[in-house]
Structure formats: C-alpha cells, structure tokens
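Data first, discussion second: the structure below is written as structure tokens.
The values are calculated or read from the model by the stated rules, or taken from the named source; none is laboratory data. All values derive from a computational prediction rather than experimental measurement. Backbone-built Cβ (ideal geometry, glycine too); neighbour counts: all protein chains shown. For accessibility, only protein heavy atoms count, side chains too; no ligands or nucleic acids. Shrake-Rupley method; radii C 1.70, N 1.55, O 1.52, S 1.80 Å.
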Amino acid sequence: MRKNEMLAMLLAGGQGSRLGVLTRKVAKPAVSFGGRYRIIDFPLSNCINSGVNTVGVLTQYQPLRLNQHIGIGIPWDLDRKNGGVTILAPHVKGGGDSGEWFMGTANAIYQNIDYIDNNNPEYVLILSGDHIYKMDYSDMLREHKETGAAATIAVLEVTMEEASRFGIMNTNPDGSIYEFEEKPANPKSNLASMGIYIFTWDRLRDALIEDNEIHPDSDFGKHIIPKMLDEGQKLQSYRFQGYWKDVGTIESYWESNMELIRTLPEFNLYESRWKVYTNSDHQPPAFTGVEAKVSEALISDGCEIYGEVTRSILGDEVYVGEGAIVRDSIIMGKTVIGAGAVIERCIIDERCVVGEGVQMGIGENIPNERKPGIYDSGITVLGDHTTIPANVKIGKNCVAYGKTVESDYPNGVLVSGKSIVKEGK
Amino acid sequence: MKAIGVILAGGNNKGRLGQLTENRAAAALPIASSYRAIDFVLSNMSNSGIGKVAVLTQYNSRSLRDHLTSSKWWDFGRKQGGLFVFTPYISSTESNWFRGTADSIYQNISYLLRSTEEYVVVTSGDAIYKIDYSKVINQHVESGADITVVYKKMEDNLRNFGIMEMNEAGRMIGFEEKPEQAKTNCASLGMYVISRTLLIDLLTQGVPEGKYDWVGDYICENKDTLQIYGYEFEGYWSTISTGIIAYYKTNMDFLKKEVRNPFINEYPYIETKAKDEPPAKYNVGADVRGSIVGSGTIFNGVVESSVIFRKVFVGEGASVKHSIIMEGTTIGKGCKIEYAILDKDVVVSDGKDVIGTLDYPVVLKKGTVI
C-alpha cells in the first residue's frame with residue numbers, strides 16, 4: 001500500500017459568527033483577506049510549501065464558496081494523481097438512515113477515519129482554516145519525530161494579559177507539556193496553542209475511537225489533549241516565532257488587513273520564498289485613471305480607479321468611480337463604488353453596488369443596536385451582493401445586507417448603530 | 001469539436017524588434033501588464049470552442065515553452081484535445097529548420113493526419129485581437145469556400161500588409177503582399193480557415209516542390225483555382241511584429257478604455273499563466289495615474305501614462321512617464337524614466353535617468369543594470 005508520511009486535515013467548517021454579516025453566506029475560511037486572498041489560502045499554501053500534498057478539507061457551515069474556491073486544488077498544485085485535496089463534508093453513513101453533523105473538532109476527524117486510513121499516513125497534521133500565518137510544517141514534523149511524542153502542539157508566546165483568552169500549554173524545560181488550560185483566569189504560562197497539531201496517527205486513531213464513546217462532541221482542546229495527558233502520553237510543544245493572527249472579530253479582521261499596507265509590514269506577502277497561492281479566475285491589469293489618487297493601499301488585479309483611495313485594501317476588479325473617496329476601508333472583489341461616494345472605515349463584501357453620492361461611516365460612534373457585541377468598533381459593514389441606493393447617508397457600526405432601496409432609509413439616512421437586512425434574492 | 005488550431009509562432013522578427021526578441025519569440029513578448037502576446041490567440045481559440053491547438057515555434061522557442069509549460073490556464077488540459085508545442089526536430093532521414101510557414105505545418109503534418117476535426121484555423125501568434133473563430137468557420141461553411149481569409153479595413157500603413165481584392169460575392173480575386181500602391185484597404189490579418197483534408201493535400205503536393213511560404217505559394221497562387229473568400233473583422237487588431245514602435249503603441253493602446261474593455265472586462269476574457277502575486281502596493285509618496293498595473297508591484301514614486309508589469313519596484317521620488325516597465329524591474333530612488341521600454345529584471349540605480357522620445361523609445365534589454 002502506498003505510504004504517505006503526513007497528511008493534513010484542515011478544519012474549515014466553522015461559521016466565525018463574530019464576523020457578523022461577512023460570514024452570513026460563507027464559512028470563515030472563505031472570507032476574503034488581503035485583497036485577493038481568502039483566509040484558507042494561508043494554511044493551504046503552507047501545506048504545499050511544506051511538502052504536505054494530501055489535504056482533507058472538512059466543511060460544514062455554508063460550504064458553497066469554499067468548494068468553488070478550492071475546486072480540485074489547481075492553484076495550490078493540489079490536483080494530484082496521488083493525494084491532493086479532498087473536500088470532506090458530513091454525510092450519511094452506511095448502516096444508518098440518517099447523517100450526522102460534525103459535532104466537534106475531534107469528532108469531525110473521527111467521522112473521517114476511513115479517509116485517513118485510505119491514505120495510510122504515519123502522521124496527521126490538524127489545521128484550522130481561521131488563521132493568517134506562514135509556517136513550515138515540515139520543521140514541526142522533524143521535531144515531532146525527534147522527540148518521539150504522540151502529539152506535538154504548535155504554541156506562540158503571547159503577553160500574560162492576552163493569555164487568558166487562549167488555550168495555554170504549561171511546559172517543562174524540555175518543551176514537553178504537563179498541563180493544558182483552556183482560557184485560564186490566572187495563566188501559569190504564556191504559551192498559547194495555535195490550534196495546529198501533529199499526531200502520530202495510530203495514537204490519535206485510538207484516542208478518537210475511545211473518546212467518541214464518551215463525548216459525541218469530541219474536541220481536541222477539551223477532550224483529546226487532556227485525555228492523552230491523563231494517560232501519560234508524551235505531548236510536546238513546538239515554539240512558533242513569527243506572524244500569526246486569528247481574524248476572529250470585525251475589528252481584528254480590519255486591523256490585520258490594515259497592517260498589510262504599512263511600508264514594511266510584519267507579514268510580508270511580497271517574498272518569493274514562501275508564496276501564498278489563491279484561486280483567481282483571471283488576472284487582468286488594474287487601471288488608475290488620470291484623476292485617480294491612490295496611496296497607502298493594496299490594489300488587486302482588474303481594479304479600475306477613477307477616484308481617491310487612501311489607507312485601504314481593494315479586492316479583484318473593484319470599481320471606484322470619479323470623485324469617490326475610499327479611506328481606511330476594505331472593499332472586496334467585484335464591488336462598485338459609485339461616483340462621488342465617500343466611504344470611511346467600512347468593510348464592504350464582494351459584489352456590492354454602492355450608489356453615487358452615498359456617504360458611509362459618518363456620525364456618532366454608537367454600537368449596533370441588534371448586535372452590540374459584534375459591531376462596536378465604529379466600522380460599518382455591508383454583506384455580499386448588497387445594493388445601496390444613490391445619495392443616502394449611513395452612520396457608524398451599521399450593517400446593511402441585500403438589495404436596499406431608498407424607502408429603507410428614513411429621510412435618506414441610516415443612523416449609527418442601525419441595521420437593514422433584506423432577505424431573499 | 002469542428003476545428004483544430006495551428007498557431008504560427010516560428011517567425012524571426014529579430015531585425016525589427018531589436019533587443020526585445022534577442023532571446024525570446026515575438027509571440028512571447030509581454031503585453032498589457034499581465035499577458036504574453038500568444039495569450040490572445042490561445043484564449044481566442046479556447047473561447048471559440050477549439051480544444052486542440054498546435055503552436056509551431058523555432059526561433060528562441062524556450063521563452064515560449066516557458067510560458068506554455070501547462071495548458072490548464074487556457075483550459076486545453078483535456079483528454080480530447082490539448083496544447084501541442086512543436087519545434088523543428090531531427091529524424092533519421094532529415095533535419096530541417098522550418099523553411100517557411102507552410103513548411104512548418106508540413107513538417108508536423110502528422111498532427112493534421114491524426115486529427116479528425118473537419119476544419120483547421122491557421123493564425124499567427126503575435127497579433128493582439130479578440131475574435132470568435134466559430135463565426136468565421138460558420139461563414140466558411142455557408143459560403144462554400146475552400147479557404148477563408150480574415151481581413152480588416154485599415155486606415156493607414158497599408159504597405160505593411162497583404163492587401164486583398166474581393167468581388168461582390170466576397171471572393172478574393174487579387175492579393176498583393178505589401179504593395180506600394182494598395183488597390184483596396186482590405187488588409188489580411190493572417191488568419192485562415194481551411195478544411196483539414198484540403199490543407200493536407202495542398203501541403204503534401206506543394207512543399208516537396210519547394211513551396212514553403214503559406215501566403216505567397218498557396219494563397220496568392222491559388223486565387224483562381226480555389227474559392228478563397230474574405231471574412232471582415234471589425235474589432236481592435238494590432239500586430240507587434242512590425243517593430244518596436246508597433247510594440248510600444250500596442251501596449252499604450254491598453255491605456256484606452258475602449259481598447260482595454262473587450263479584453264479584460266467583457267466575457268470571454270483573455271487568460272494567461274497564473275502568477276500568484278500579491279496585490280499591487282501603493283506606499284506613501286505613490287502617485288499613479290493613467291496607467292495599467294500588474295500585481296506584485298510596489299510604488300513609492302510617480303507613474304503616469306505607463307504600462308507597468310508584475311513585481312516592478314518604483315523607488316521614492318522616482319518618476320515614470322509614457323513607458324513600458326516589464327516584470328521584475330527595479331527603478332531606484334529619484335530616477336526619471338520617459339518614453340522607455342525596460343525589459344524584464346532591469347535595474348536602474350538611484351538617481352539615474354532613462355529618457356527617449358515618442359518616435360524613438362529607449363529600449364533596455366533584459367537584465368540590464370545601469
């Protein structure tokens with residue numbers, strides 16, 4: 001049987017509900033990032049750059065855009081005769097008449113034991129599709145083999161203040177883990193789990209099967225890691241140094257995008273040594289008009305800019321009309337900003353149409369009425385395929401979704417903290 | 001699939017395109033920030049439903065092969081069909097460079113013999129245009145023509161083209177190559193539709209008799225014996241093979257919306273090899289106007305009315321105007337570049353200037369460091 005040293009299982013089924021309307025129709029890993037990328041491009045590119053060429057992508061929540069994006073894996077060279085990328089969705093199992101959702105991170109792997117067995121790996125790499133980073137998994141595997149651990153967990157040093165927001169690994173001087181604490185109130189260490197694990201497959205396989213008996217919602221952090229520690233198995237930490245970002249909230253999403261436009265960003269997309277690959281159907285040149293003003297910005301292929309763009313990130317084929325002003329904003333692919341519109345501190349999802357003369361992001365900073373926990377950083381967000389009629393004014397922390405019309409805006413205004421969500425096509 | 005494609009990309013345009021084609025085929029010349037010349041004809045073929053295409057190349061063929069390493073970008077990677085790149089080869093009996101366009105097809109005649117499609121679309125690889133060949137094929141079938149030649153009514157420069165004379169029915173009754181005094185303004189665009197079996201018959205008879213040139217020995221020669229018809233093409237068409245000025249102008253044409261749009265904003269699009277560069281980055285001090293820009297480029301200075309390819313770096317205080325800057329070229333701080341064509345991987349050191357004129361743009365060849 002063909003042997004495969006390490007295969008990757010990429011958990012891409014999460015909604016990412018704190019990203020609000022951005023993940024209404026798509027799973028978080030399929031959300032755009034850095035202009036032309038989607039979040040999942042980062043772990044997928046890490047895989048192929050690390051020589052991991054068999055990847056199972058586990059999907060569950062709103063998988064359509066993710067499936068279209070990944071396809072048969074051509075952009076990442078994952079269209080292969082042996083291995084390659086496989087989308088693993090929840091399905092009806094033989095012997096039963098109903099299917100089962102993935103109930104937890106480890107349960108999702110448990111339900112795909114057959115896929116892993118078919119590929120016959122020695123090690124399994126568990127990844128999540130939520131993070132922005134570049135990492136050589138082959139170096140982590142080398143350490144895993146050297147220490148002979150049953151599991152190796154990638155950890156990142158965070159500040160002690162941040163530590164209580166993460167799963168924290170308490171380690172011995174040799175890097176082995178003696179305790180795992182999920183979001184501890186009084187953290188003993190500042191080594192946060194990055195949600196990246198390498199398991200020796202037969203060890204993980206046993207643990208998954210045993211734990212499934214007790215926990216139908218089996219989770220790596222809550223169940224599998226503590227179980228293996230209790231059993232006295234050797235768990236090793238792998239120190240990662242470099243840029244790693246969980247873009248979990250509207251504000252952190254906005255900030256980590258904005259970090260890319262610094263003259264010397266901490267996260268460098270422009271080095272050829274560790275390329276990030278993505279699926280873009282065609283790559284025409286961008287055009288900046290004679291009257292255009294663009295500075296401190298990332299402009300993707302096929303954009304047409306006739307107005308002003310400052311401190312902003314534009315996805316593929318965005319159109320910015322004459323006299324329009326876009327500042328401190330993220331505009332995703334194929335969106336049209338009408339002439340004379342003024343957009344400040346907004347996130348506008350793919351394929352939106354913002355009418356001429358619209359003003360967005362003005363007025364007082366009042367948290368969103370319906371979802372104050374999600375929209376409170378002053379950023380106004382438009383979901384994908386949203387239409388904004390000409391000349392209306394929209395405040396801060398607003399949300400609009402769907403084909404909105406003039407009558408949705410009393411006196412032509414959507415004041416700060418208000419939402420319009422139009423259902424249907 | 002009704003037709004197969006043959007792209008003639010073997011031409012030696014050395015004299016006319018100077019240093020730009022010293023190490024590359026004309027069909028591999030970079031166009032409009034993101035493309036190579038051959039992308040246009042390959043995309044036209046694919047978009048017209050032609051799934052099997054042969055590229056005949058000999059002059060500096062490496063540059064073209066580099067670009068055509070995979071056929072997937074143009075969707076030719078199919079079990080039925082595919083993209084074939086043919087260069088001259090040595091057999092046990094013969095070793096021949098292609099002696100002409102007809103000879104290059106004849107030397108690869110097994111490609112025609114092994115195909116079963118009824119028609120062949122023959123075209124050159126160094127013109128920039130967008131056409132639906134299936135319309136040409138339809139007219140070819142309806143008119144009952146033996147050969148259909150695509151032409152365009154041109155305003156000027158008729159002396160650079162083959163000029164066709166047609167009767168009222170559209171049948172070609174005269175063809176003059178690069179005439180001093182053109183009788184009509186119908187210029188042949190070097191695109192032909194012919195049935196596969198007729199093409200095989202003509203070449204197997206003609207080439208052994210020393211008839212190596214497709215236009216001279218087959219189109220002109222047979223105008224009375226074969227039914228040769230014209231098909232009028234009305235869109236944008238530009239060839240880059242006639243010289244550096246033509247290459248410069250073709251690129252600059254893409255700064256015009258009406259030229260650019262059909263290729264990049266109207267489906268079906270022109271496809272090219274995926275490069276996976278990050279978005280272009282505009283730093284503080286960037287001021288880019290009236291220009292087209294490829295991905296992965298970083299701007300710190302001023303750019304006006306220029307064609308900027310991928311992974312270009314423009315330093316602080318630099319100014320680039322009316323120029324073509326190819327992939328991977330670095331322009332240092334404070335440089336002034338005007339009316340220049342900087343080939344790939346050129347380095348202009350801080351403070352240096354490169355200045356040409358509209359009539360004589362300066363060309364810096366690949367890898368030049370100044």
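Can you spot a residue in the range B:287-297 that is hydroxyl-bearing (Ser, Thr, Tyr) and within 23 Å of the chain's Cα centre (by Cα)? Walk me through it before giving the result.
Filtering the range B:287-297 down to residues hydroxyl-bearing (Ser, Thr, Tyr) leaves B:291, B:295, B:297.
Next cut, within 23 Å of the chain's Cα centre (by Cα) only: B:291, B:295.
The answer is yes; a qualifying residue exists.
Kindly provide the set of residues from the range B:49-86 that are under 21 Å from B:ALA102 (Cα atoms), in contact with a Phe, Trp or Tyr (Cβ under 8 Å, 6 or more places away or on another chain) and assigned to a strand (DSSP E or B), ordered by number.
B:LYS52, B:VAL53, B:ALA54, B:VAL55, B:LEU56, B:LEU83, B:PHE84, B:PHE86
Which residue pairs have Cβ atoms closer than 9 Å, lie 6 or more positions apart in sequence or on different chains, and pair a first residue in the range A:253-276 that is more than 9 Å from every other protein chain (Cβ to nearest Cβ) with a second residue that is surrounded by fewer than 14 Cβ atoms within 10 Å (Cβ to Cβ) and not polar (S, T, N, Q)?
A:GLU259/A:GLU266; A:GLU266/A:GLY242; A:PHE267/A:GLY242
For the range A:308-317, indicate whether the set of residues that are closer than 26 Å to A:GLY402 by Cα, of a type in the set (Lys, Arg) and not in a loop (DSSP other than H, G, I, E, B) is non-empty.
The answer is no; no qualifying residue exists.
I'd like the full set of residues that are among the aliphatic types (A, V, I, L, M) and within 24 Å of B:TYR339 (Cβ to Cβ), limited to the range B:259-307.
So the first thing to find is which residues in the range B:259-307 are among the aliphatic types (A, V, I, L, M), and the list is B:259, B:264, B:270, B:274, B:280, B:284, B:286, B:288, B:292-293, B:298, B:302-303, B:307.
Residues satisfying the conditions are B:VAL259, B:ALA280, B:ALA286, B:VAL288, B:ILE292, B:VAL293, B:ILE298, B:VAL302, B:VAL303, B:VAL307.
Let's see how each residue does on (1) open to solvent by less than 10 Å² (accessible area, probe 1.4 Å); (2) more than 12 Å from chain B (Cβ to nearest Cβ); (3) over 26 Å from A:GLY395 (Cβ atoms); (4) among the hydrophobic types (A, V, I, L, M, F, W, C):
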{"residue": "A:THR288", "(1), (2), (3), (4)": "yes, no, yes, no"}
{"residue": "A:LEU298", "(1), (2), (3), (4)": "yes, no, yes, yes"}
{"residue": "A:ARG311", "(1), (2), (3), (4)": "no, no, no, no"}
{"residue": "A:LEU314", "(1), (2), (3), (4)": "yes, no, no, yes"}
{"residue": "A:GLY321", "(1), (2), (3), (4)": "yes, yes, no, no"}
{"residue": "A:ILE325", "(1), (2), (3), (4)": "no, yes, no, yes"}
{"residue": "A:ASP328", "(1), (2), (3), (4)": "no, yes, no, no"}
{"residue": "A:GLY340", "(1), (2), (3), (4)": "no, yes, no, no"}
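Being at pLDDT below 80, open to solvent by 10 Å² or more (accessible area, probe 1.4 Å) and farther than 28 Å from B:ALA280 by Cα, is that true of even one residue in the range B:22-37?
Here is the first cut: in the range B:22-37, the ones at pLDDT below 80 are none.
Taking every residue of the range B:22-37 in turn, none turns out to be at pLDDT below 80, open to solvent by 10 Å² or more (accessible area, probe 1.4 Å) and farther than 28 Å from B:ALA280 by Cα.
Taking the criterion of being over 23 Å from B:ASN44 (Cβ atoms), open to solvent by less than 30 Å² (accessible area, probe 1.4 Å), at pLDDT 95 or above and touching a helix residue (DSSP H, G or I) at 6+ places or on another chain (Cβ under 8 Å), would at least one residue in the range B:185-193 satisfy it? Explain how you work it out, then say what you get.
Here is the first cut: in the range B:185-193, the residues over 23 Å from B:ASN44 (Cβ atoms) are B:185.
Add one more test, that the residue is open to solvent by less than 30 Å² (accessible area, probe 1.4 Å), and what stays is none.
No, the range B:185-193 has no match at all.
Can you report the number of residues in the range B:264-275 which are among the acidic types (Asp, Glu) and at the interface with chain A (Cβ under 10 Å from one of its Cβ atoms)? Walk me through how you get there before you give the answer.
Within the range B:264-275, the first condition is being among the acidic types (Asp, Glu), and the residues that meet it are B:266, B:271.
Checking which are at the interface with chain A (Cβ under 10 Å from one of its Cβ atoms) leaves us with B:271.
Qualifying residue count for the region: 1.
Sort out which residues of the range A:64-89 are part of a loop (DSSP other than H, G, I, E, B), without any contact (Cβ under 8 Å) to a residue 40 or more places away in the chain and not acidic (Asp, Glu), and write them in order of number.
Selection gives A:ILE72, A:GLY73, A:LEU78, A:ARG80, A:LYS81, A:ALA89.
To keep it simple, each residue is scored yes or no on (1) aliphatic (A, V, I, L, M); (2) surrounded by 24 or more Cβ atoms within 10 Å (Cβ to Cβ); (3) more than 18 Å from A:ILE126 (Cβ to Cβ).
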{"site": "A:ALA27", "(1), (2), (3)": "yes, yes, no"}
{"site": "A:ALA30", "(1), (2), (3)": "yes, yes, yes"}
{"site": "A:ILE48", "(1), (2), (3)": "yes, no, no"}
{"site": "A:THR59", "(1), (2), (3)": "no, yes, no"}
{"site": "A:ARG65", "(1), (2), (3)": "no, no, yes"}
{"site": "A:LYS81", "(1), (2), (3)": "no, no, yes"}
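Please go through the range B:88-107 and give me each residue that is open to solvent by less than 30 Å² (accessible area, probe 1.4 Å) and either of a type in the set (Phe, Trp, Tyr) or at pLDDT below 65 (or both), ordered by number.
B:PHE98
Quick one: would you say B:THR101 is farther than 30 Å from B:ARG260 by Cα and under 25 Å from the mean Cα position of the chain (by Cα)? Explain how you work it out, then say what you get.
Details: farther than 30 Å from B:ARG260 by Cα: yes; under 25 Å from the mean Cα position of the chain (by Cα): yes.
Judged against the criteria, B:THR101 is a match.
Being away from chain A (no Cβ under 14 Å), touching a residue at least 24 places away in the same chain (Cβ under 8 Å) and open to solvent by less than 10 Å² (accessible area, probe 1.4 Å) narrows it down to one residue among B:ILE292, B:ILE331; which is it? Spell out how you get there, then give the answer.
Working: B:ILE292 fails: away from chain A (no Cβ under 14 Å).
After applying the criteria, what remains is B:ILE331.
For the range B:343-370, which residues satisfy the criterion of being free of Cβ contacts under 8 Å to residues at least 24 places away in the same chain, in a loop (DSSP other than H, G, I, E, B) and not β-branched (Val, Ile, Thr)?
B:ASP345, B:SER349, B:GLY351, B:LYS352, B:GLY356, B:TYR360 - these are the residues of the range B:343-370 that are free of Cβ contacts under 8 Å to residues at least 24 places away in the same chain, in a loop (DSSP other than H, G, I, E, B) and not β-branched (Val, Ile, Thr).
Being buried (at least 22 other Cβ atoms within 10 Å of the Cβ) and either within 14 Å of chain B (Cβ to nearest Cβ) or within 20 Å of A:ASN391 (Cα to Cα) (or both), is that true of even one residue in the range A:359-367? Spell out the reasoning first.
Step one: list which residues in the range A:359-367 are buried (at least 22 other Cβ atoms within 10 Å of the Cβ), which gives A:360-361.
Checking which are either within 14 Å of chain B (Cβ to nearest Cβ) or within 20 Å of A:ASN391 (Cα to Cα) (or both) leaves us with A:360-361.
Taking every residue of the range A:359-367 in turn, at least one turns out to be buried (at least 22 other Cβ atoms within 10 Å of the Cβ) and either within 14 Å of chain B (Cβ to nearest Cβ) or within 20 Å of A:ASN391 (Cα to Cα) (or both).
Every residue in the range B:26-62 that is without any contact (Cβ under 8 Å) to a residue 40 or more places away in the chain and among the hydrophobic types (A, V, I, L, M, F, W, C), please.
Selection gives B:ALA28 alone.
Could you check, for the range B:359-368, whether at least one of its residues is farther than 26 Å from B:GLU277 by Cβ and either touching a Leu at 6+ places or on another chain (Cβ under 9 Å) or in the same structural domain as B:ALA28 (by TED's automatic domain parsing) (or both)? Write out each step before concluding.
Step one: list which residues in the range B:359-368 are farther than 26 Å from B:GLU277 by Cβ, which gives B:359-360, B:362.
From the residues that got through so far, the ones that are either touching a Leu at 6+ places or on another chain (Cβ under 9 Å) or in the same structural domain as B:ALA28 (by TED's automatic domain parsing) (or both) too are B:362.
Among the residues of the range B:359-368, at least one is farther than 26 Å from B:GLU277 by Cβ and either touching a Leu at 6+ places or on another chain (Cβ under 9 Å) or in the same structural domain as B:ALA28 (by TED's automatic domain parsing) (or both), which makes the answer yes.
Looking only at residues that are open to solvent by 20 Å² or more (accessible area, probe 1.4 Å) and in a loop (DSSP other than H, G, I, E, B) in the range B:309-328, which one is nearest to the other protein chains (Cβ to nearest Cβ)?
B:LYS311
Just give me the residues in the range B:194-206 being touching a Phe, Trp or Tyr at 6+ places or on another chain (Cβ under 8 Å) and surrounded by 20 or more Cβ atoms within 10 Å (Cβ to Cβ), in sequence order.
Initially, the range B:194-206 is screened for residues touching a Phe, Trp or Tyr at 6+ places or on another chain (Cβ under 8 Å), giving B:194-196, B:202-204, B:206.
The answer is B:ILE194, B:LEU202, B:LEU203, B:GLY206.
Tell me, yes or no, whether the range B:205-220 has at least one residue that is farther than 20 Å from B:LEU8 by Cβ and either in contact (Cβ under 8 Å) with a residue 24 or more places away in the chain or among the basic types (Lys, Arg) (or both).
No: zero hits.
May I ask you to list the residues in the range B:11-31 that are within 17 Å of B:ILE131 (Cβ to Cβ) and not in a strand (DSSP E or B)?
Residue satisfying the conditions is B:ALA27 alone.
Among the candidates A:VAL392, A:VAL405, A:VAL413, which residue alone is more than 18 Å from A:ILE343 (Cα to Cα) and either at pLDDT 95 or above or of a type in the set (A, V, I, L, M, F, W, C) (or both)? Show your work before the answer.
Working: A:VAL392 fails: more than 18 Å from A:ILE343 (Cα to Cα); A:VAL413 fails: more than 18 Å from A:ILE343 (Cα to Cα).
Step by step, each of A:VAL392, A:VAL405, A:VAL413 is checked, and only A:VAL405 is more than 18 Å from A:ILE343 (Cα to Cα) and either at pLDDT 95 or above or of a type in the set (A, V, I, L, M, F, W, C) (or both).
What number of residues within the range B:1-21 are of a type in the set (S, T, N, Q), open to solvent by less than 30 Å² (accessible area, probe 1.4 Å) and at pLDDT 85 or above? Lay out the reasoning, then the answer.
Start the filter on the range B:1-21 by keeping residues that are of a type in the set (S, T, N, Q), which leaves B:12-13, B:19, B:21.
Subset that is open to solvent by less than 30 Å² (accessible area, probe 1.4 Å): B:13, B:21.
Going one step further and asking which of them are at pLDDT 85 or above, we end up with B:21.
The number of residues fulfilling the criteria is 1.
Residues being more than 24 Å from the chain's Cα centre (by Cα) and more than 7 Å from chain B (Cβ to nearest Cβ): count how many of those fall in the range A:277-286. Before you say what the answer is, go through the steps one by one.
Within the range A:277-286, the first condition is being more than 24 Å from the chain's Cα centre (by Cα), and the residues that meet it are A:284-286.
With the extra rule that they be more than 7 Å from chain B (Cβ to nearest Cβ), the set shrinks to none.
Residues that pass the stated criteria total 0.
So which residues in the range B:242-263 are within 11 Å of chain A (Cβ to nearest Cβ) and touching a residue at least 24 places away in the same chain (Cβ under 8 Å)? Quick ask: steps written out before the conclusion?
First, the residues of the range B:242-263 that are within 11 Å of chain A (Cβ to nearest Cβ): B:251, B:254-257, B:260-261, B:263.
Hits for the range B:242-263 are B:ASN251, B:PHE254, B:LEU255, B:ARG260, B:PHE263.
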